[in-house]
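All remarks here apply to the structure that follows.
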Amino acid sequence: MADISFTHPEPPPASSRVWPVFLPFAGCPYRCLFCAQDKQTGQGTAELASIFRDLELDLEQARVAGRGPYELAFYGGTFTALPVPWPERFLGLAVRFREQGLVTRVRCSTRPDCVDAALLSRLKAQGLDMVELGVQSFDDAILRASGRGYDGVTARRGCMAVQESGMGLGIQLLPGLPGDRPGVFQEDARLAAALKPEVARLYPCLVIRGTPLAAMWEQGDYAPWTLDRTREELALGLLSLWDTGVRVIRLGLPPEGTLAEHILAGPWHPALGQSVRGLALLEIVRTQVENAGFTPTAMDVPRRYQGELFGHANELAEKYAALGLGAGAVRYVDSTVFTVR
Ligand code: SF4
């Protein structure tokens with residue numbers, strides 16, 4: 001019986017610090033069924049001119065204080081559809097602080113039906129480096145039932161247009177939307193993985209007060225995913241994405257702004273990310289043990305996974321014990337390699 005050794009498939013994290021600039025609903029053609037950017041960001045809609053002024057002052061203060069450098073990220077709206085001249089003005093501001101060393105990279109979020117080759121090439125020339133697309137799903141029925149206004153082909157085309165522009169691509173998926181059926185999210189995760197974006201975010205659908213989805217839920221026309229299903233689906237989706245080298249930079253909405261007090265239903269948990277990552281790691285270990293064909297008695301685990309091996313609040317301890325790997329069988333080591341023996 002030989003030891004088995006393996007490494008974790010997750011790509012290394014990025015080293016840059018992100019400076020988020022929230023533009024809630026700015027440029028959006030309409031408010032989507034599920035979206036509550038104002039509650040997620042804790043910011044109401046504000047005039048772009050006042051956001052611009054505040055940002056300029058804050059960047060200048062950071063520069064004078066010698067802070068940074070930062071990756072500037074315009075989130076919360078549809079950046080590529082902002083009214084003229086705002087994309088150019090925001091990018092011009094970023095370029096000014098880039099020349100002074102405070103900003104290293106600029107990214108934005110937008111919709112897959114609000115990008116095309118000519119627009120992307122113009123924005124790139126103005127200083128944009130990366131585009132995160134709120135794809136949500138590649139499934140036509142889900143996109144239709146969720147009123148997104150585009151189909152799966154458009155979603156894929158948008159992703160490819162960003163890649164062909166030479167900018168970095170981010171894909172955001174929103175599992176559990178109206179129109180969902182078993183298996184669709186795993187197919188969405190596989191399609192996203194095949195596109196090999198630089199990053200992905202997975203935001204399971206929540207029912208947030210004040211959204212049209214909340215009205216559907218109240219009338220019994222929509223049921224969100226359970227937390228257990230969400231953990232299992234996200235863990236498998238995570239494995240698909242890691243498999244093609246995609247960094248998954250967010251699992252579930254962060255508890256920012258006034259979000260928590262406005263969630264009416266849905267799979268929200270403050271430690272969802274840790275729980276999902278732990279479950280994905282369990283799958284990796286289980287597969288290795290099954291392939292090895294022996295019952296293990298000990299495992300060396302890289303120290304950086306100490307906080308997630310047994311999941312949130314030790315929820316996976318019994319599952320590891322069933323594999324023969326109780327807490328006493330695990331040793332944390334200064335290595336990047338897992339060894340099971
Ligand atoms: S989901 Fe995106 S496009 Fe829709 S309202 Fe929210 S920010 Fe705008």
Worksheet item: Scanning segment 307-341 for residues that are open to solvent by 60 Å² or more (accessible area, probe 1.4 Å) and of a type in the set (A, V, I, L, M), which turns out nearest to Arg286 (Cα to Cα)?
Response: Ala322
Item to complete: Mind listing whichever residues of segment 53-89 are touching a residue at least 12 places away in the same chain (Cβ under 8 Å), farther than 15 Å from Arg17 by Cα, open to solvent by 20 Å² or more (accessible area, probe 1.4 Å) and in a loop (DSSP other than H, G, I, E, B)?
Response: Pro83
Worksheet, complete the sentence: Within segment 98-108, residues open to solvent by 20 Å² or more (accessible area, probe 1.4 Å) and either hydroxyl-bearing (Ser, Thr, Tyr) or in contact with a Pro (Cβ under 7 Å, 6 or more places away or on another chain) (or both) come out as Gly101, Thr104
Worksheet item: With respect to Gly328, is the statement that it is assigned to a helix (DSSP H, G or I) and in contact with a Gly (Cβ under 6 Å, 6 or more places away or on another chain) true?
Response: no
Worksheet entry | Exclusive hit being within 13 Å of the ligand (Cβ to nearest atom) and out of contact with any Gly (no Cβ under 8 Å at 6 or more places or on another chain), set Gln172, Gln163, Gln136 | Gln136
Fill in: Residue check for Arg304: under 19 Å from Gln172 (Cβ atoms) and open to solvent by 30 Å² or more (accessible area, probe 1.4 Å)
no
Item to complete: Please verify whether segment 293-310 includes one or more residues that are in contact with a Lys or Arg (Cβ under 6 Å, 6 or more places away or on another chain), farther than 16 Å from Thr7 by Cβ and not assigned by TED's automatic domain parsing to the domain that holds Arg201.
Response: yes
Worksheet item: For segment 189-204, how many residues meet the condition of being closer than 11 Å to Phe138 by Cα and either among the hydroxyl-bearing types (Ser, Thr, Tyr) or open to solvent by less than 10 Å² (accessible area, probe 1.4 Å) (or both)?
Response: 2
Practice prompt. Give segment 20-45 a look and list any residue that's in contact with a Phe, Trp or Tyr (Cβ under 7 Å, 6 or more places away or on another chain), at pLDDT 90 or above and more than 8 Å from the ligand (Cβ to nearest atom), or say none.
Written response: Pro20, Val21, Phe22, Leu23
Response to the item:
The number of residues in segment 143-163 that are under 18 Å from the mean Cα position of the chain (by Cα) and among the aliphatic types (A, V, I, L, M) is 2
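The values are calculated or read from the model by the stated rules, or taken from the named source; none is laboratory data. Everything numeric in this text was worked out from a predicted model, so none of it was measured. Virtual Cβ from ideal backbone geometry, glycine too; neighbours counted across all protein chains shown. Note: areas computed on protein heavy atoms with side chains; ligands, DNA, RNA excluded. Shrake-Rupley method; radii C 1.70, N 1.55, O 1.52, S 1.80 Å.
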